[in-house]
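The values are calculated or read from the model by the stated rules, or taken from the named source; none is laboratory data. Quick caveat, the model's predicted, so the values are computed rather than measured. Here the Cβ is made from the backbone with ideal geometry for all residues, glycine too, and neighbour counts use every protein chain on show.
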Amino acid sequence: MSSSIDQNPALPSPAVHLKPGGAAAPTGLRPPRRHDIDNLRSFCTAHVIAHHTAIAYGGISGAGLPPQAHSGLFDDASPLFTPFIATNLSYGMGLYFFLSGQMTAQSMSRSKSDWGLIRSKLWRLGMPALLYSALIDPVGAVIARPEKTLVGNLGKYVGEVGKLDGVRGPVWYNATLIVFDICAVALRRVLPYSGSPSPKFVKAAFRLLGRWGWLGVAGASFLLRTKLPPGGVIPVIGVDPAYLLQYIFGYALGHAAFHVGERSIPGPENLSVYKAYAISLGTLPLLFLPGFLKGEGIGGAVQLGGWNWTAAIYAVWNELSFYTLAPAVMQTFERNYNRPAGRGLWSPRYSYAAFLLHTLVSWVADLGLARLLKRSDGKRPAWMSNRAWQAFGPLLVTAVMSAVDILGSFKLGQLLIDSVPGVGSLL
């Protein structure tokens, strides 16, 4: 990575530099860094890793998929994970795209060439996505179920590469962001902006959209999910269309925030992150209300798509959580963590690399855990069928393995960037 960590494209850096009065700084100047955004990037990376680890060890996938416990340590998904995973899904990626929109807006304001900007995005977003999909993801498949010989493993790797029909794994974010950025540049060319309205009007419109736009996103997402329920993907870029409208909304808000000189996502005034989580978690049980009223109980699966009350409640809950949690998290970092992050292991300099490498680290760590806990024949010992282990083991394993995966991902990212020539210029 270059010496300036504000070029990280996937876990955005201080995208907006503001003057004391709140207006965007003039093009070309270098106001003080937004250290809170630096620290938020590292937090977001660690948060994503913990989220994926929770899904892997018995959590309920946000895409409506079955449990993905790749170690086979647990029989079923643990309902204890539902609040953690559901709230993460409700605001995490929307926040990412808001930050990305800010960064792209700043880049567009400084860029002298639209093609040069797009070429830079393709290099810094597209190349890592390509390398991940063609190298890391197939290698992970080999690691997960290795053959007995080197030739067999090479053949399996080639077979996995031959199956590629788009990006794999977390780099759907990179691919989707490339599409958004290209669309933003294209809109600037076809919709030249002249005769701008008053700044007061623009800022008022931004705040109105930020405060009430989530309701429109909720309604449109519900209608979209009647045809495209959670769990699908758009070919090539790999994004789940069921959540795409929130990502577009967050990205557009990021662009607008840069142009009106706002520091964060509009949200409820003076809402602490604790109160925001209380609102989200307190209203989450409403998803089970339709099934309960039908006499189905609360233990069954909920339908997050289709034309039904549960899907409608989920659409509103998901966007309400984004509206409350995303601004609260940003404001918390702005108030409490607006200080230099330093150059240690947790530096945002390594967050993008950690994001790209964390699935590989997780696969290797999982093999070590399976070898440690399972018998020599690969089967589970009898004590793993104990009810207490099946009920609370996922929490214990997730807590331990999240720490291992986070530490390992940042350490591997640090080694690559600091030790391998050329990696820093890409990541």
Determine if the range 67-77 includes at least one residue that is aliphatic (A, V, I, L, M), surrounded by fewer than 17 Cβ atoms within 10 Å (Cβ to Cβ), at pLDDT 55 or above and over 16 Å from the mean Cα position of the chain (by Cα). no
Top-ranked residue in the range 142-188 [being without any contact (Cβ under 8 Å) to a residue 12 or more places away in the chain and among the hydrophobic types (A, V, I, L, M, F, W, C); ranked as farthest from Trp363 (Cα to Cα)]: Leu187
Exactly one of these conditions fails for Gly238: (1) part of a loop (DSSP other than H, G, I, E, B); (2) touching an Asp or Glu at 6+ places or on another chain (Cβ under 6 Å). Give me its number. (2)
If Pro266 meets every condition in (1) assigned to a helix (DSSP H, G or I); (2) over 18 Å from the mean Cα position of the chain (by Cα) apart from one, which number is that one? (1)
If you check Phe98, Phe74, which single one turns out to be of a type in the set (Phe, Trp, Tyr) and assigned to a loop (DSSP other than H, G, I, E, B)? Phe74
Note on the range 277-315: residues within 20 Å of the chain's Cα centre (by Cα) and surrounded by fewer than 18 Cβ atoms within 10 Å (Cβ to Cβ) are Tyr277, Leu281
Only residues in the range 342-370 that are outside any helix (DSSP H, G or I) count as the first member; pair them with residues that are at pLDDT below 85, Cβ under 7 angstrom, at least 6 apart or cross-chain, and list the lot. Ser347/Ala341
Return yes when Glu262 is modelled with pLDDT under 90 and out of contact with any Gly (no Cβ under 9 Å at 6 or more places or on another chain) and no when it is not. no
With respect to Phe322, determine if the residue is aromatic (Phe, Trp, Tyr), surrounded by 15 or more Cβ atoms within 10 Å (Cβ to Cβ), in a helix (DSSP H, G or I) and touching a strand residue (DSSP E or B) at 6+ places or on another chain (Cβ under 8 Å). no
Among the candidates Val233, Val239, Val260, Val273, which residue alone is free of Cβ contacts under 8 Å to residues at least 60 places away in the same chain and of a type in the set (A, V, I, L, M, F, W, C)? Val273
Quick one: would you say Val239 is surrounded by fewer than 19 Cβ atoms within 10 Å (Cβ to Cβ) and under 19 Å from the mean Cα position of the chain (by Cα)? no
For Arg145, are the conditions met, namely being out of contact with any helix residue (DSSP H, G or I) (no Cβ under 6 Å at 6 or more places or on another chain), among the basic types (Lys, Arg) and over 17 Å from Cys183 (Cβ atoms)? yes
Within the range 99-122, can you find the residues that are touching a Gly at 6+ places or on another chain (Cβ under 7 Å) and closer than 15 Å to Val179 by Cα? Ser100, Gly101, Ala105
